[in-house]
Each structure stands twice: as structure tokens, then as C-alpha cells.
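Below is one structure, written out as C-alpha cells, with a few remarks after it.
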Ligand code: TLP
């Protein structure tokens, strides 16, 4: 089976998108200055725009979601403090141990339900004052939740958790790398999610399709401190207007279209549901991320990914039997239908139930 597409259908992540011609044009035209001198007009425009969209006083443009989250951890804590977070969250699992390395804090992972916590999960987790104990200082949540399958963190849970945190003198941070996916899927405006948190990080380089960049948003005073920490972490950028222009373009043109990614994810999820040998986990797909397992008697995740790759479809391998697929700007419906077809063929072939599948002319894709 040969892919009808010139490029691979890359479902490994929504970070793989390439800037569109319109975005490149905006980048080429961007007015720039030296942002370490705080003189880049396009960075200023982006920071003002994203702060306004999230209903926060100020924002700081940074190179990555990891840096944005880690600056937040550093701003909110002191060495030896403890951070409460969900056990499968990005900050704890996929940021290379940065809370320990960069902020010298302890993380206390709390198991959620596909990434979602409620106040009962956290109640009782605050350590008492006293010289024996780390001081609990910060609660971090993630919306949408990546490892939770692009899961939308319910607003009511956020309200309850953040209210509880405030009552106990804890700071709150939202890893909103994919916050706009949650907003588009629910119709809840970003500021309604953001208002509950001290700081919110959003990424322009995931579903929004910019090549690079994230923003940390919050009260002016905290963002001023964050600016200094960005410098410490090596994230001070010079003529960053070129990439800020891409982010501004993404905010203008690529938010509403996330609905297409969600519809495509539903299509792929339905195909996976119907393939004997694959299992969606979580069983429902809320936004653009699909996690699924391969039955061990069929094959390993690597074998499935390799066979799909040979047919021009790239999947993320996330465990011995676990795969991830993300929909995004660079995979249209036809490509997702092709990916579904490849998965069906590959699983049939690997489980010995099918002969190598050739493309048939009546395939819909
Ligand atoms: N996630 C990446 C990988 O690191 C797993 C991906 O492909 O999904 N928060 C969340 C919820 C994320 O999913 C990511 C990226 C980040 C933060 C970090 O963003 P970057 O990659 O810009 O540092």
C-alpha cells in the first residue's frame, strides 16, 4: 500500500505543523527590535493581545511551553517547597525533571482520572508547618490534559480546586498548552478558565500552528519577576518579533479551526474503536489527542508504528503497547481517513488475519 500523499501523514504530535504561507508572510513583514531591551514592537503586541484574551494584566513571550511552566514553578516557589500536581501531567513527567533541577522543589503527584482532579483528591495533601516538612506552595493543573487523552478539565473542578487553594494560601498555575482546544470544544472563553489561576501558560506551537513560542500570563508584578527568571533560564530573545508575528497570526486565524481537528480526531477515534486489536484509552476523545493500546497478541506499539510508517503514517509510541495520534492543521480529513485505513490494514496484517492490503479504488479517502 502506497500513500497517495507526498509527505507523511504525521500524527505524532500537534507540534509538527509547519507555518502556512500566510503565517510566513506575517513573519517576513514583522517589525522587530531587541526584546532583551524590551524593544520589540511585535512581541509587545503579542504579549498585550494574549494577556487581554486571558483576562490577565501581563504576559511574557517565551521559547517553549516547558520554559513557561518552569518559570511559573520558579516564580511561585522557594527551594524545598512542594508542588501538588496530577500524576500524569506534563510538568511532572515530560519536562526532564525541571522542577527539581531549576527550582529545587519537590513534586507530589496525585493520581487523577485521565488527568482530572477534584478538591477531594487534594484535601489533606497540604503539609503542616514545621521544620520537618516541605512547604506546600503551588497547585498545577493541565487543560486540556495531554496524557489524559486531550481531556477537558471541567470548569467546575477548576473553580473548586482554585478556591480551595486560595483559602489555604496556595498559588495556582495552569499548563494551558492546549487551552484553546478546550475553549473551542466547550465554548467557554479563555478568560473564564484563566480567571481562577494566578498564572496561565499557553502554547502557540501546538494546535495553533506557530513554529515556536508560548506565553506566561498573570499579574504584572509576577510577570516582571518571570522576565528576570526567563533571562536566568537562557530564554531572553533578541529580534523575537519574527516568531511573535507567527503567534499573533495563529491567534487571529487558527483558533476557530481547531474544531476541524476535533472533528478529525472523532473520525479517527471511531475507526480505532472498530478495529479489533486496538483499544481507545480514554474511550472518549474530547479534543485532538487520541491515546490507544494495541492488544499484545496482535503486535507491539513499535511494530504498529513501524508498519504504519512504511505506509506513510507517523504515530507516537508512548509505551510498549501504547500509541498516540494527534490531529492538527497539517492533517486534513482525507489524510485522517487514509490514516484510519492504514491502521485497519496494519492491524489485520500483523494479527495474521489479513493479506497485505492494496489500495482499492473504491476507498473513500
Ligand atoms: N508536549 C509534547 C511532548 O513534550 C510530550 C507533545 O508532543 O505533546 N504542556 C503540555 C500539556 C504539553 O503537551 C507540552 C508539549 C508542553 C507543556 C511543553 O511544550 P514545549 O514542547 O513547547 O516545551
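Computed from Cα atoms alone, the Kirkwood hydrodynamic radius reported for the stretch 73-121 is 11.2 Å.
Computed per residue of the chain from DSSP H runs no shorter than four, each worth -39500 (n - 2.57), the mean residue ellipticity at 222 nm is -12000 deg cm²/dmol.
Which value, in Å to one decimal place, does the Kirkwood hydrodynamic radius take for the stretch 195-268 when every pair of different Cα atoms is included?
14.1
Only beta bridges with both residues in the stretch 31-253 are counted; by DSSP, about 35 percent of them are antiparallel. Note on the chain: GNM, Cα springs under 10 Å; of 79, 190, 211, the largest mean-square fluctuation is that of 79. Compared with the dominant principal axis of the Cα atoms in the chain, helix 301-310 is inclined by about 60°.
Please give the residues of the stretch 267-286, grouped as numeric ranges, whose backbone N is less than 14 Å from a label point set 7 Å along the Cα-to-Cβ vector of residue 186. It comes to 286, nothing else. Over all distinct Cα-Cα pairs of the stretch 143-222, the Kirkwood formula returns a hydrodynamic radius of 13.1 Å. Relative to its residue count, the stretch 89-174 spans a Cα convex hull of 93 Å³ per residue.
Here the Gaussian network model covers the chain, with springs between Cα atoms less than 10 Å apart; of 201, 214, 300, 300 fluctuates the most. Here the spin labels are modelled as points 7 Å beyond Cα on the Cα-Cβ line, and at residue 133 and residue 318 they lie 3.4 nm apart. Here the stretch 177-303 was treated as a single set of alpha-carbon atoms; its pair distances binned every 10 Å from 0 give 11, 30, 29, 19, 9, 1 percent.
At 4 °C and a viscosity of 1.567 mPa s, what translational diffusion coefficient does Stokes-Einstein give for the stretch 261-347, taking Rh as the Kirkwood radius over Cα pairs? Give it in µm²/s as a whole number.
The diffusion coefficient I find is 104 µm²/s.
In this rough spin-label picture, where each label sits 7 Å from Cα along the Cβ direction, the residue 159-residue 263 distance is 3.1 nm.
Which of these, 248, 60, 155, has the largest mean-square fluctuation under a Gaussian network model of the chain (Cα springs below 10 Å)? Among 248, 60, 155, the largest GNM mean-square fluctuation belongs to 155.
Using the Cβ-Cβ distance between residue 123 and residue 232 with R0 set to 30 Å, the FRET efficiency from 1/(1 + (r/R0)^6) comes to roughly 0.30. Extending 7 Å from the Cα toward the beta-carbon at both residue 274 and residue 44 defines two label points whose distance is 5.5 nm. For residue 87 and residue 310, what is the calculated FRET efficiency with R₀ set at 35 Å and r taken between the beta-carbons, to the nearest 0.05? So the FRET efficiency works out to roughly 0.50. Quick one: check the C-alpha center-to-center distance for the stretch 207-260 versus the stretch 34-91, whole angstrom. That distance is 8 Å.
When the Cα atoms of the stretch 31-253 are aligned to their principal axes, the ranges along those axes come out at 52, 38, 28 Å in descending order.
Since every read-out is calculated from the coordinates, none of them should be taken as a lab result. Predicted model only: the values in this text are computed from it and were never measured. Note that each Cβ is placed from the backbone with ideal geometry, even for glycine, and that neighbours are counted across all protein chains shown.
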